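Okay, structure first, notes after.
The values are calculated or read from the model by the stated rules, or taken from the named source; none is laboratory data. Remember, predicted model here, so these are calculated numbers, not experimental data. Glycine gets a Cβ as well: all are built from the backbone with ideal geometry, and neighbour counts include every protein chain shown.
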Amino acid sequence: MIDLSLKIGEELVSNSKFVDYNDKIVAVLDTVSKEDAVIVRRGTAVVGILDRRSIGREMHGISISKSAIAGKMARKIPILSDESTIMDAIRYMQTARCKALPYMKDGKVKGLVKRTTLLKALLSTKALRGMKVGDTMTSNFLSIHQSRSISEATAMMSKKKVNRLVTLTENGLPTVITLHDITFSGRKPSDRKPQRMTKRISPNDAAVVELANENPIYISKERSLEDVVRDFVTNNISSLLVKDRNEVVGIITVYDVFESLIMADQKPTRLFITGFDKETEENKGTAEEYAARFVDKVAKINKIKLDYLVIRFKRIKDKKYEVYVRAAVPKRGTMYVHISGFYLERTVNSALKKLEEMVMKSKEKMVVKNERPELEEEE
């Protein structure tokens with residue numbers, strides 16, 4: 001049985017491939033497509049990692065400059081050490097939204113701690129016992145019709161800062177399209193050196209259905225998170241569509257599982273706010289006050305006690321911020337709002353108001369669903 005408070009040992013570390021800061025992206029693209037991540041170095045210093053997510057975001061799934069270099073697309077993320085615990089790795093990975101984290105010991109990079117390794121470690125603990133899919137899934141997922149173009153899908157992903165969309169059809173259950181599908185599925189690996197890009201599907205004449213996953217895996221909202229993690233590991237995937245009877249009611253990702261685990265490890269308030277720096281530290285008290293007021297209001301007026309509330313933000317430029325708020329609503333999964341605006345306090349307050357509207361609407365839908373069987377019986 002593994003304890004998540006244990007320090008990370010080298011048995012959890014995998015070998016990593018390295019690329020140089022000035023390597024051209026077109027030359028390392030095939031390598032990145034096959035790896036969870038590669039470490040970017042400038043001399044002996046670690047600059048960050050290069051993965052499919054960072055490349056896809058930069059390309060918006062469409063094109064890439066032949067002059068683009070690895071260092072400019074590298075993601076700066078936390079680096080683990082022999083003092084880091086397994087739980088630290090889960091927290092860092094959930095915040096950074098990455099598939100692997102560099103691991104250093106005695107001042108030297110030893111390799112990567114991969115997301116799959118952490119998922120396997122979770123299956124060897126009791127950390128997920130009692131947690132259900134229905135309480136963890138994201139219920140207000142983003143969707144797009146399969147007949148829409150790939151360029152429309154990438155534009156939506158870029159605007160909403162997401163990596164996947166649920167694809168809707170006229171008949172049958174929805175499927176999923178990911179940023180990885182768009183970025184790499186239309187490009188064939190090259191065996192030549194230097195590696196080069198080959199012809200790929202054009203977003204101007206391709207519909208979403210051409211790249212969407214034809215055989216997504218569904219899971220019942222009543223299943224446990226242990227079952228979810230087992231499916232992630234067995235099928236090497238990072239998301240599942242959630243079904244209730246014959247209807248898709250949500251989507252659950254690796255990071256939803258990590259978030260639930262982190263919240264379970266928090267203090268009783270179950271409030272998690274990140275993003276403060278030296279200049280925004282003075283706003284911390286106000287943000288916490290807004291969050292506490294939101295939780296109380298939802299509990300008193302809507303009679304809903306949230307499992308937890310997460311607020312993440314980052315400064316885009318002077319006085320302008322991106323704010324992401326996410327609430328876990330019992331029996332309705334999690335709901336989120338992602339907006340940007342000027343002045344941190346104002347933007348946080350606006351995001352919480354929108355989230356409250358969503359929670360209220362979900363309650364109304366729940367009442368309708370609960371009443372429907374009785375009406376059918378009366379008829």
Selection from region 1-53 of residues more than 30 Å from Ser124 (Cα to Cα) and either without any contact (Cβ under 8 Å) to a residue 12 or more places away in the chain or among the hydroxyl-bearing types (Ser, Thr, Tyr) (or both) yields Tyr21, Thr31, Gly43, Thr44, Ala45
Going by what's in this entry, would Leu179 be described as over 18 Å from the mean Cα position of the chain (by Cα), more than 29 Å from Pro330 (Cβ to Cβ), outside the structural domain of Val310 (by TED's automatic domain parsing) and surrounded by 21 or more Cβ atoms within 10 Å (Cβ to Cβ)? no
Within region 86-135, restricting to residues that are in a strand (DSSP E or B) and under 18 Å from the mean Cα position of the chain (by Cα), the one that is surrounded by the fewest Cβ atoms within 10 Å (Cβ to Cβ) is Lys114
Note on region 156-177: residues out of contact with any strand residue (DSSP E or B) (no Cβ under 9 Å at 6 or more places or on another chain) and more than 23 Å from Glu247 (Cα to Cα) are Ser158, Lys159
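A quick yes/no check of all residues on (1) touching a Phe, Trp or Tyr at 6+ places or on another chain (Cβ under 6 Å); (2) in contact (Cβ under 8 Å) with a residue 24 or more places away in the chain; (3) outside the structural domain of Ala207 (by TED's automatic domain parsing); (4) under 20 Å from Val229 (Cα atoms):
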site	(1), (2), (3), (4)
Ile69	no, yes, yes, no
Asp82	no, yes, yes, no
Pro102	no, yes, yes, no
Met137	no, yes, no, yes
Ile150	no, yes, no, no
Met156	no, no, no, no
Flagged in region 136-150 as touching a Ser or Thr at 6+ places or on another chain (Cβ under 9 Å) and outside any loop (DSSP other than H, G, I, E, B), in numbering order, are Thr136, Thr138, Ser143, Ile144, His145, Ile150
When every residue in region 1-55 that is touching a Gly at 6+ places or on another chain (Cβ under 6 Å) and buried (at least 17 other Cβ atoms within 10 Å of the Cβ) is compared, the one nearest to Ser84 (Cα to Cα) is Val13
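In region 207-228, which residue that is assigned to a strand (DSSP E or B) and touching a residue at least 60 places away in the same chain (Cβ under 8 Å) is farthest from Pro330 (Cα to Cα)? Walk me through how you get there before you give the answer.
From region 207-228, those assigned to a strand (DSSP E or B) are 207, 218-220, 224; that's our starting set.
Subsequent filtering for residues that are touching a residue at least 60 places away in the same chain (Cβ under 8 Å) retains 207, 219-220, 224.
Details: Ala207: 37, Ile219: 18, Ser220: 16, Ser224: 15 Å.
That would be Ala207.
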